[in-house]
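**Student:** I have a structure I would like to understand better, so I am pasting it below and will then ask my questions one at a time.
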Amino acid sequence: MQIILTVVLVLLAISILFVLYRFIKGPTLPDRVTAFDLITTIIIAIIAVFSILWDSTHFIDVALVLSLIAFLGAMSFAFYLTKRRNDADK
Amino acid sequence: MPINDIISVILILPGVILIGLASVGIIRLPDFYLRMSAITKAATLGLAMVLIGLSLHFDDLELSVKSLIIISLVMLTAPVGAHAISRAAYKQGVEFWEGAVIDELKQLQKQMITLEKQLKESPGDAELMSQVINALMKLPEEQGGSLRKAEKWALELVKINELIGRRRLAEIYLVGQRWKKLEQEQAIICELSNFETDDVQQYVKALVEQKKYQKASGVIEKALAVRNIPQMLYLGAKVSFRYGVNAPFGLECARKFMAKHAEHPLLPEVQKYGHALARTLHEKW
C-alpha cells in the first residue's frame with residue numbers, strides 16, 4: 001500500500017509540473033486560468049492520497065473548501081475576462 | 001492487505017492515471033479549447049475515482065459524505081466554469097487551431113459582409129435585404145449584429161414592398177421588446193394583409209404578452225368580420241377562455257365553430273373552451 005501510494009504521489013507531482021509548464025508559458029490568459037483550475041484539482045487528489053498515507057481524516061475539509069474556491073476563482077476570472085474586453089472597446 | 005484497500009488502490013491508480021493524462025493533454029493539445037475539454041473531462045473523472053477510493057479505504061461515514069459532496073460539487077461546477085471561461089475566451093478572440101473545421105459565428109459574419117457588398121452593388125433587391133436583416137438579427141452585438149441597422153434596412157424594405165417590410169419590422173421590434181412600436185406596426189400589417197391568419201396570430205400573441213387581453217379579443221372580433229374561418233373562431237374562444245375576458249364573445253365563437261365546422265380537428269379543444277365559458281356565464285351549452 002505504502003509503495004503504491006508513494007508512486008501515485010510521484011505521478012501527481014509530475015503532472016503538476018506539466019501543468020505548471022502551461023501555466024508559465026501561456027500563451028493566453030484563459031490558458032493560465034484553466035491550468036490553475038487543473039492545479040487545484042490535482043492538489044485535491046494529493047490531499048486525498050496524503051490522508052490515506054498519514055491515516056488522518058482531517059484534511060478532507062481542506063479539499064472541500066479548495067474545490068469551492070476553485071469554482072469561484074474560475075467564475076470570477078471569466079467575469080473579469082469579459083469585462084476587460086468590454087472596457088477595451090470603450 | 002485487506003480487501004477494501006485492494007479495491008481502493010484499484011480505484012485510485014486509474015484515477016491518478018486519468019489526472020496524469022489530463023495534464024499531458026494540457027501541454028500537448030494545440031489550442032485553448034481542446035485543452036479545456038481535456039481538463040474538464042479527464043480530471044473530473046480522475047478526481048472522483050480517487051475520492052471514492054479514499055472513502056473506501058477509511059470506511060467512515062462522515063468522510064464518505066464529505067468526499068461525496070466534493071465529487072458532486074466538482075461534477076457540477078467544472079462544466080459551468082469551463083463553459084464560462086471558454087465563452088469569455090471566444091469573446092476575447094482567442095485563436096482556434098488551424099485544423100479546426102467549423103466556426104459558425106465567423107461564417108455568419110463573413111456571410112453578412114458579402115451580403116452587404118452585394119446589396120451595395122444592386123440596391124433595391126428585396127430578397128437580399130431580407131437576408132441581411134436576418135443575419136443582423138442573428139449575430140450577437142460583439143460580432144457586428146445590430147437591431148438598429150436591421151431596423152434601418154427594414155424601413156428601406158418598406159419602401160419597396162410594404163407588407164413584407166412591415167412584417168420584418170414587427171419581428172425586429174419583437175426581439176428588441178419595443179412594444180409600442182410593435183403594436184402600431186402590427187395594426188398596420190393586419191390592415192394591409194386584410195387580417196391574414198398568421199398576422200392576426202402574431203398580433204394577438206404580442207398583445208397577450210403585454211397582458212392586453214381585452215384588446216386582443218377586440219382584434220379577433222375585427223378579424224372575424226373580414227374572414228370567417230375556423231382558426232379565427234378557435235382563437236377567439238381560446239383567448240376568452242385562457243385570460244377570462246369577453247366571455248360572451250368567446251362563447252359565441254365556440255358555438256359558431258360547433259355549428260359550422262363539426263369535422264375540424266380542433267373541435268375537442270373548442271368544445272372544452274365552450275363548455276367552461278358557458279359555465280362561467282351560467283348558460284346552457
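The values are calculated or read from the model by the stated rules, or taken from the named source; none is laboratory data. Because the structure is predicted, anything quoted here is derived from the model rather than measured. Positions of Cβ are generated from backbone atoms using ideal geometry, with glycine treated the same way; all protein chains shown enter the neighbour counts.
**Student:** Is one or more of the residues making up the range B:90-99 more than 28 Å from B:GLN210 (Cα to Cα), more than 14 Å from chain A (Cβ to nearest Cβ) and surrounded by fewer than 17 Cβ atoms within 10 Å (Cβ to Cβ)? Working first, answer last.
**Tutor:** Narrowing the range B:90-99 to residues more than 28 Å from B:GLN210 (Cα to Cα): B:90-99.
Filter once more, keeping what is more than 14 Å from chain A (Cβ to nearest Cβ): B:98-99.
Cutting the leftovers down to surrounded by fewer than 17 Cβ atoms within 10 Å (Cβ to Cβ) gives us B:98-99.
Yes.
**Student:** Select, from B:LEU139, B:LEU56, the only residue that is at pLDDT 90 or above, among the aliphatic types (A, V, I, L, M) and surrounded by 15 or more Cβ atoms within 10 Å (Cβ to Cβ).
**Tutor:** Details: B:LEU139 fails: at pLDDT 90 or above.
Among B:LEU139, B:LEU56, only B:LEU56 is at pLDDT 90 or above, among the aliphatic types (A, V, I, L, M) and surrounded by 15 or more Cβ atoms within 10 Å (Cβ to Cβ).
**Student:** Tell me the residue from B:PRO79, B:PRO123 that is loosely packed, with under 15 Cβ neighbours inside 10 Å and either touching a helix residue (DSSP H, G or I) at 6+ places or on another chain (Cβ under 6 Å) or in contact (Cβ under 8 Å) with a residue 24 or more places away in the chain (or both), please. Before you say what the answer is, go through the steps one by one.
**Tutor:** Numbers: B:PRO123 fails: either touching a helix residue (DSSP H, G or I) at 6+ places or on another chain (Cβ under 6 Å) or in contact (Cβ under 8 Å) with a residue 24 or more places away in the chain (or both).
That would be B:PRO79, the only listed residue that is loosely packed, with under 15 Cβ neighbours inside 10 Å and either touching a helix residue (DSSP H, G or I) at 6+ places or on another chain (Cβ under 6 Å) or in contact (Cβ under 8 Å) with a residue 24 or more places away in the chain (or both).
**Student:** A further question follows. How many residues, within the range B:165-186, are surrounded by fewer than 16 Cβ atoms within 10 Å (Cβ to Cβ) and of a type outside the set (Phe, Trp, Tyr)? Steps first, please.
**Tutor:** Here is the first cut: in the range B:165-186, the ones surrounded by fewer than 16 Cβ atoms within 10 Å (Cβ to Cβ) are B:175-181, B:184.
With of a type outside the set (Phe, Trp, Tyr) added as a condition, the list becomes B:175-178, B:180-181, B:184.
Number of matching residues: 7.
**Student:** Given the structure, is A:VAL62 facing chain B (nearest Cβ under 7 Å), surrounded by 12 or more Cβ atoms within 10 Å (Cβ to Cβ) and modelled with pLDDT of 90 or more?
**Tutor:** no
**Student:** Counting only residues that are more than 9 Å from chain A (Cβ to nearest Cβ) and over 19 Å from A:ILE43 (Cα atoms), which one in the range B:47-72 is farthest from the chain's Cα centre (by Cα)?
**Tutor:** Checking each candidate, the answer is B:ASP59.
**Student:** Among the residues of the range B:23-35, is any in contact (Cβ under 8 Å) with a residue 24 or more places away in the chain, aliphatic (A, V, I, L, M), at the interface with chain A (Cβ under 10 Å from one of its Cβ atoms) and surrounded by 16 or more Cβ atoms within 10 Å (Cβ to Cβ)?
**Tutor:** Restricting attention to the range B:23-35, the residues satisfying the condition of being in contact (Cβ under 8 Å) with a residue 24 or more places away in the chain are B:30-34.
With the extra rule that they be aliphatic (A, V, I, L, M), the set shrinks to B:34.
Cutting the leftovers down to at the interface with chain A (Cβ under 10 Å from one of its Cβ atoms) gives us none.
Checking the range B:23-35: not a single residue is in contact (Cβ under 8 Å) with a residue 24 or more places away in the chain, aliphatic (A, V, I, L, M), at the interface with chain A (Cβ under 10 Å from one of its Cβ atoms) and surrounded by 16 or more Cβ atoms within 10 Å (Cβ to Cβ).
**Student:** Please go through (1) facing chain A (nearest Cβ under 10 Å); (2) under 30 Å from A:VAL65 (Cβ atoms) for B:MET75 and return the number of the only condition it doesn't satisfy.
**Tutor:** (1)
**Student:** Among the candidates B:TYR273, B:TYR213, B:TYR234, which residue alone is under 25 Å from B:LYS180 (Cα atoms) and among the aromatic types (Phe, Trp, Tyr)?
**Tutor:** Values: B:TYR273 fails: under 25 Å from B:LYS180 (Cα atoms); B:TYR234 fails: under 25 Å from B:LYS180 (Cα atoms).
Only one candidate passes the filter, namely B:TYR213.
**Student:** Which residue is farthest from the chain's Cα centre (by Cα), if the candidates are limited to the range B:2-12 and must be of a type outside the set (Ser, Thr, Tyr) and more than 7 Å from chain A (Cβ to nearest Cβ)? Show your work before the answer.
**Tutor:** Looking only at the range B:2-12, we keep the residues that are of a type outside the set (Ser, Thr, Tyr), and these are B:2-7, B:9-12.
With more than 7 Å from chain A (Cβ to nearest Cβ) added as a condition, the list becomes B:2-4, B:6-7, B:10-11.
Working: B:PRO2: 55, B:ILE3: 52, B:ASN4: 50, B:ILE6: 50, B:ILE7: 47, B:ILE10: 45, B:LEU11: 42 Å.
Taking the candidates together, the pick is B:PRO2.
**Student:** In the range A:41-59, how many residues are surrounded by fewer than 13 Cβ atoms within 10 Å (Cβ to Cβ) and in contact with a helix residue (DSSP H, G or I) (Cβ under 6 Å, 6 or more places away or on another chain)? Reasoning before the result, please.
**Tutor:** Pass one, the range A:41-59, residues surrounded by fewer than 13 Cβ atoms within 10 Å (Cβ to Cβ): A:54-56, A:58.
From what is left, the residues that are in contact with a helix residue (DSSP H, G or I) (Cβ under 6 Å, 6 or more places away or on another chain) are none.
So the count comes out to 0.
**Student:** Among the residues of the range B:91-105, which ones are under 24 Å from the mean Cα position of the chain (by Cα) and touching a residue at least 12 places away in the same chain (Cβ under 8 Å)?
**Tutor:** Of everything in the range B:91-105, those that are under 24 Å from the mean Cα position of the chain (by Cα) and touching a residue at least 12 places away in the same chain (Cβ under 8 Å) turn out to be B:LYS91, B:LEU105.
**Student:** A follow-up question, please. Give, as residue ranges, the helices (runs of 4 or more DSSP H) completely inside the range B:189-269 that count at least 1 residues that are touching a Leu at 6+ places or on another chain (Cβ under 8 Å) and more than 22 Å from B:LYS284 (Cα to Cα).
**Tutor:** Numbers: elements: B:197-209, B:213-226, B:230-243, B:247-260.
It comes to B:197-209, B:213-226, B:230-243.
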